[in-house]
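Peer 1: Pasting in a structure now, in structure tokens, and then I'll have a few things to ask.
Please treat every number below as a calculation from the coordinates, not as lab data. None of these values were measured; they are calculated from a predicted model.
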Amino acid sequence: MSKYLVFESTSHGKVYIFNKRHKTFLGFIEYYHPWKQYIFQSAMDCVFSFECLQDILNKVNECNKINKENIQKRKGGHNQRL
């Protein structure tokens, strides 16, 4: 749970990030196929504190972990690349 941010997930795996107080759109997290991982894309002219960046990083890591677990389940538990 973030002190300043709200994370809203869609059914398509995208996560929108908003400021908790003003509901301002700050960016999103989505799967980036060329890098085979989730990434954060900020909205224009956004500035972030260390704490907010850490919360975003934690959410990106959570998305990547879930994605990796889902891939392993589909592949029968073998440790294979994405």
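Peer 1: If contacts are Cα pairs under 8 angstrom and at least 6 residues apart, what is the relative contact order of the chain in percent?
Peer 2: Details: 92 pairs, mean separation 15.1, N = 82.
Result for the chain is 18 percent.
Peer 1: Right, next: Can you list the lysines whose alpha carbon is less than 20 Å from that of Lys65, not counting same-chain residues fewer than 8 positions off?
Peer 2: Those lysines meeting the cut-off are Lys14, Lys36, Lys73, Lys75.
Peer 1: Next question. Can you tell me the orientation of helix 50-74 relative to the chain, as the angle in degrees between its alpha-carbon axis and the longest Cα principal axis, to the nearest 10?
Peer 2: 20
Peer 1: Compute the distribution of all C-alpha to C-alpha distances in the range 5-74, in bins of 5 Å from 0, and list the percent of pairs in each, rounded to whole numbers.
Peer 2: Going out from 0 Å in 5 Å bins, the range 5-74 shows 4, 16, 27, 25, 15, 8, 3, 1, 0 percent.
Peer 1: Calculated from DSSP H runs of 4 or more alone, at -39500 (n - 2.57) each and per residue, what is the 222 nm mean residue ellipticity of the chain, nearest 500? Spell out each step's value before the answer.
Peer 2: Values: 1 runs with 25 residues, N = 82.
It lands at -11000 deg cm²/dmol.
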